[in-house]
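Here the structure is laid out as structure tokens; the discussion comes afterwards.
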Amino acid sequence: MTQSPENQIINLRQAINRYNTDYYTLDDPAITDAEYDRKIRQLRQLEADNPEFFSVDSPTQKVGGTVLNAFTKVKHEIPMLSLGNVYSAEEFDEFVTRLKNRLDTEDDFQFCMEPKLDGLAISLIYEGGHLVTAATRGDGAMGEDVTHNVKTIKNIPLILKGENIPEKIEIRGEVVMPLADFNTYNKAAQKKGQKVFANPRNAAAGSLRQLDSKITATRPLAFYCYGIGLIENGKLTASHYQRLMQLKAWGLPLSEEIEIHSSAQECMLYYQSMLQKRDQLPYEIDGVVYKVDAIKLQDALGFISRAPRWATAHKFPAQEEQAQLLNVEFQVGRTGAITPVAILEPVFVGGVTVSRASLHNKDEIERLGLKIGDTVVIRRAADVIPQITRRLAKKNQKLIQIVFPIRCPVCKSELEQIEDEATIRCSAGLFCGAQRKQAIQYFSSRKAMNIDGLGEKIVDLLVAEGLINTAVDLYTLKTEQLVDLERMGIKKAENLINALSKSKQTTFAKFLLALGIREVGEATAKSLTEHFLTLGRLKQADLESLQEVNDVGEVVAKHIHTFFRKTHNLDVINALLKVGIQWPAIESKQHTLPLATKTYVLTGSLVQMKRNEAKAALESLGAKVSGSVSAKTDCVVAGESAGSKLGKAEKLGIPVINEDELLDLLEDEGLRVKG
Ligand code: IVH
């Protein structure tokens with residue numbers, strides 16, 4: 001049954017008042033900003049449609065929360081107000097029309113455009129150029145004295161410098177925790193098992209409202225000003241933009257994104273460009289603010305309830321939304337890591353619909369204190385994978401404990417956890433179907449062996465049909481085995497066989513990457529191959545020499561070292577080389593290849609490998625392979641029924657080796673095995 005408008009209004013007012021206390025007074029929001037905005041809009045609409053229920057006490061008529069007792073109260077001589085919002089170009093046009101009607105003009109306005117910083121509003125009072133008081137916004141009329149804390153913020157000048165500074169001036173702006181600092185702070189806090197902040201705004205608010213300013217001093221906060229409150233005994237220019245520039249000249253920090261434009265059309269362009277820039281800015285912004293630039297017009301327009309008529313915020317799509325946690329699934333990754341994945345009630349956030357989010361590991365579930373049925377906050381900054389940042393406290397819900405499995409959900413093998421590592425892994429390695437499939441997918445991927453047409457689905461199918469077990473098996477596939485597979489057919493089957501054959505000509509770095517050694521990504525694979533030049537040298541490298549390579553620290557060195565000490569890995573490598581995978585020599589200025597400057601000649605027929613394979617292998621070690629024997633030849637490889645070239649070599653006293661000796665040489669360099 002739907003409630004009467006009166007009841008809806010009463011209930012919404014009560015709920016919003018509670019949310020305000022959580023947000024402003026306790027720094028612990030119970031809902032996301034997006035959800036809060038929707039509730040406020042809904043209430044405002046209901047109040048507009050039912051004016052008989054108007055109340056000065058409604059949260060739509062007020063700013064912020066109440067003041068905590070722990071801080072001394074400060075009265076704002078000029079109230080610190082809020083901003084109205086527009087959410088679209090149409091709503092912005094309506095805003096401009098309202099301005100024109102009110103001023104009874106057809107003229108275009110100059111607008112000062114500013115980023116809407118997502119932090120905490122602060123008022124700074126300077127007397128005689130000295131910072132004397134700093135206060136939070138509080139309920140707009142009364143704030144909290146946070147002078148001691150604010151004095152620890154590095155970019156806030158304690159003394160203004162320059163000319164014409166009014167006797168008393170109030171600067172208003174936002175305290176934020178810059179994004180890079182926020183991430184570093186949270187990572188460190190998490191490592192130490194301390195409380196992490198849900199978002200940069202919470203971090204700024206929590207840090208500023210510390211009773212001990214020594215704590216605030218350790219927090220990386222920054223301030224950006226956006227306006228002026230009170231002025232005594234001083235004169236400023238008649239343009240808001242010029243005033244901000246004056247503040248900058250006195251040494252106050254100003255965002256670099258502030259612009260002035262002479263028409264309303266440019267506001268939308270500014271919005272778009274800031275939306276694109278959003279992720280590259282040093283601080284988080286949740287929209288832009290348009291302000292009529294002429295102070296005379298601002299004064300003429302005045303205020304309405306809790307916000308100026310002459311300014312409005314244009315909000316960006318929310319990066320945080322709330323949704324219910326419906327279930328948790330456990331995935332097995334390529335290296336066996338068991339990752340809990342949150343299954344969510346679908347929610348539109350940061351420009352996409354999210355219905356799953358990684359929970360990373362068991363510790364993360366514990367840190368968040370999650371249970372199935374909880375309402376959680378999903379945060380998705382553009383192009384970043386969605387994260388669950390916190391659970392919202394809700395009472396009277398049926399919650400179900402999340403149970404981490406004790407066996408691999410795919411192969412039922414035992415799970416293991418290495419000391420000091422958060423990750424829990426399936427111990428079965430390539431015996432685990434999930435790991436096997438992903439290892440093959442990774443092997444064939446574009447950045448590795450680049451096998452065209454071998455996507456996730458086909459790999460799944462090939463493994464399910466028992467046609468392949470390892471990456472090596474790919475190279476023994478025949479067209480006839482493929483044609484009858486689901487959605488395959490002759491053309492696709494032939495293409496795949498061709499792609500497999502083509503993939504055999506690769507680079508050392510891609511081959512190394514394809515092996516899927518833990519934590520050896522593209523850049524590390526490249527550095528390793530450029531350093532060691534040959535597979536043989538890399539295979540034999542000890543922990544110390546591995547760490548000489550760029551980006552290779554103790555942990556990665558250990559992974560590489562261990563990988564090459566496991567017989568089944570070496571067997572796979574040998575088998576891959578045997579099917580004909582090869583790569584050209586790597587040129588390096590710092591290191592020489594084992595056969596650099598040597599000239600080889602191949603003669604007679606080889607039995608265990610093709611002549612062009614032998615040629616490519618020798619070349620990958622730096623040798624030049626020539627067609628004729630001369631005094632410059634360093635070595636002749638004589639296969640069966642070698643003829644005149646062998647004779648000539650013997651005459652010139654040039655060393656001659658047979659095919660077995662060639663294979664030994666290649667094997668020593670990690671390239672080819674006998675048999
Ligand atoms: S002007 C009377 N400019 O947004 C005008 N506010 O939603 C009031 N904010 O309390 C503020 N960036 O904490 C203004 N460039 C900006 C802003 C900004 C962030 C915050 C500020 C204010 C809230 C209103």
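The values are calculated or read from the model by the stated rules, or taken from the named source; none is laboratory data. Since we're looking at a predicted model, the values are computed, not measured. Glycine also receives a Cβ, built like all others from the backbone with ideal geometry; neighbour counts cover every protein chain displayed. With ligands, DNA and RNA removed, areas are computed over all heavy atoms of the protein, side chains included. Shrake-Rupley method; radii C 1.70, N 1.55, O 1.52, S 1.80 Å.
Can you give the relative contact order of the range 266-374 as a percent, counting alpha carbon pairs under 8 Å and 6+ residues apart?
Averaging sequence separation for qualifying contacts and normalising by length gives 18 percent for the range 266-374.
Step through the residues of the range 287-299 one at a time and calculate ³J(HN,Hα) from phi using the Karplus curve (6.51 cos²θ - 1.76 cosθ + 1.60, θ = phi - 60°), rounding each to whole Hz and writing x for Gly and Pro.
Couplings: x, 10, 10, 9, 10, 4, 6, 6, 4, 4, 5, 4, 5 Hz.
When the Karplus curve 6.51 cos²θ - 1.76 cosθ + 1.60 is applied with θ = phi - 60°, which whole-Hz ³J(HN,Hα) does each residue of the range 137-144 get, with x for Gly and Pro?
With coefficients 6.51, -1.76 and 1.60, one gets 6, x, 8, x, 9, 10, x, 10 Hz.
May I ask you to give the solvent-accessible area per residue for the chain, in square angstrom, as obtained with a 1.4 angstrom probe?
With all protein chains present, the chain gives 50 Å² per residue.
Over the heavy atoms of ASP57, what accessible area does a 1.4 Å probe trace out, to the nearest 10 Å²?
Around 100 Å² of this residue is reachable by solvent.
Quick one: length gained pulling GLN417 to LEU281 fully straight, 0.36 nm per residue minus the C-alpha distance? Let's see the in-between values first.
Numbers: separation 136, 0.36 × 136 = 48.96 nm, distance 3.87 nm.
So the chain would gain 45.1 nm between GLN417 and LEU281.
Rounding to the nearest 10 and keeping the result within 0 to 90°, find how far the Cα-based axis of helix 89-103 lies from the longest principal axis of the chain.
For 89-103 against the chain, the angle is about 20 degrees.
Distance between Cα centroids, the range 621-670 to the range 215-242: provide it in whole Å.
81
Sequence-distant or interchain residues sharing an amide H contact under 5 Å with VAL656, placed H: which?
VAL636
For the range 148-286, what is the relative contact order in percent, using Cα pairs closer than 8 Å and at least 6 residues apart in sequence?
On the way: 162 pairs, mean separation 51.1, N = 139.
Across the range 148-286, relative contact order equals 37 percent.
On the protein heavy atoms, probe 1.4 angstrom, tell me the percent of accessible surface of the chain carried by carbon and sulfur.
49
Under 28 Å from the Cα of LYS161, which lysines turn up, not counting those fewer than eight places away in the same chain?
Once the sequence-local lysines are set aside, what remains near LYS161 is LYS75, LYS116, LYS151, LYS214, LYS235, LYS248, LYS291, LYS296.
Could you name the aspartates and glutamates whose alpha carbon sits less than 12 Å from that of LYS539, not counting residues in the same chain fewer than 8 places away?
Reachable aspartates and glutamates: GLU667, ASP668, GLU669.
Tell me the mean residue ellipticity at 222 nm calculated for the chain from its helices only (DSSP H runs of n ≥ 4, each -39500 (n - 2.57), averaged over every residue, nearest 500).
Computed mean residue ellipticity for the chain: -10500 deg cm²/dmol.
Given axes a ≥ b ≥ c from the Cα gyration tensor, I'd like to know whether the range 71-200 is rounded (a/c under 1.5), prolate (a/b larger than b/c) or oblate. Before the final figure, lay out the partial values.
Working: a/c = 2.15, a/b = 1.32, b/c = 1.63.
Verdict is oblate for the range 71-200.
Which whole-number percent is the relative contact order of the chain (Cα, under 8 Å, 6+ apart)?
9
If a/c stays under 1.5 just call it rounded; otherwise compare a/b with b/c (prolate if a/b is bigger, oblate if not). Do that for the range 179-288, with a ≥ b ≥ c from the square roots of the Cα gyration tensor eigenvalues. All intermediate terms of the calculation are to be shown ahead of the outcome.
Numbers: a/c = 3.24, a/b = 1.50, b/c = 2.16.
Oblate, because a/c is 1.5 or more while a/b does not exceed b/c.
Angle check, please: helix 179-191 long axis (alpha carbons) against the longest principal axis of the chain (alpha carbons), in degrees 0 to 90, nearest 10.
Roughly 70 degrees between the two axes.
Which trypsin sites (Lys or Arg not before Pro) from the range 332-422 combine a DSSP loop assignment with at most 10 other Cβ atoms within 10 Å?
LYS395, LYS398
According to a simple spin-label model (label point 7 Å from Cα along Cα-to-Cβ), what is the distance in nm between ALA393 and THR184?
3.2
So how far, in whole Å, is the C-alpha centre of the range 493-538 from the one of the range 361-405?
Cα centroid to Cα centroid, the span is 39 Å.
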